[in-house]
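What follows is a set of notes on a single structure, which appears directly below.
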C-alpha cells in the first residue's frame, strides 16, 4: 500500500469520526428530537456542499463524490424522517423534495461536464 493511499484512508476515517462526533453532539444537546434531526440535516447539507466544492481542489474526485453523496443522503434521511414521521408537515417535505430536485439537476450537470472534459482530453491527445 502506498503512503498516499494510507494517508487517504486515515483522512477519510478522521472525517467520518469527526462527523459522527458533531452529529452526536447536536443530537444530545438539542432537547427536541424533531429540531435535532433538522439541525443534523442542515449540517450534513453544508458538509455535502463543502465536499462538492472540494472537487475543484482535489485531483481524485471519487472519494469527494462519495462523501458529498453520503452527506446528502444523510440530509435527506434525517430531514424526511423529522418532517414526515415525527411531525408531518407538507411544506417542509415539499421544500426538501425541491432541494433533492436541485441536487439531481446539479449532479446531472456535473456528470455531463466531466464527460465533456474527458472527450476534450481525448481530442487533444
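Please treat every number below as a calculation from the coordinates, not as lab data. This structure is a prediction, so every number in the text was calculated from the model and none was measured. Cβ placement follows ideal geometry from the backbone for every residue including glycine, while neighbour counts extend to all protein chains displayed.
Which of the residues spanning the stretch 56-82 are farther than 19 Å from residue 103 by Cα and crowded, with 19+ Cβ neighbours inside 10 Å? Selection gives 82 alone. If the condition is being closer than 21 Å to residue 40 by Cβ and within 19 Å of the chain's Cα centre (by Cα), then the stretch 93-118 contributes 93, 95, 96, 97, 98, 99, 100, 102, 103. Kindly evaluate residue 48 against the criterion of being under 16 Å from the mean Cα position of the chain (by Cα) and farther than 30 Å from residue 115 by Cα. Against the criterion (under 16 Å from the mean Cα position of the chain (by Cα) and farther than 30 Å from residue 115 by Cα), residue 48 does not qualify.
The criterion of at least 2 residues that are over 25 Å from residue 12 (Cβ atoms) is met, among helices (runs of 4 or more DSSP H) falling completely within the stretch 25-125, by 33-53, 90-124.
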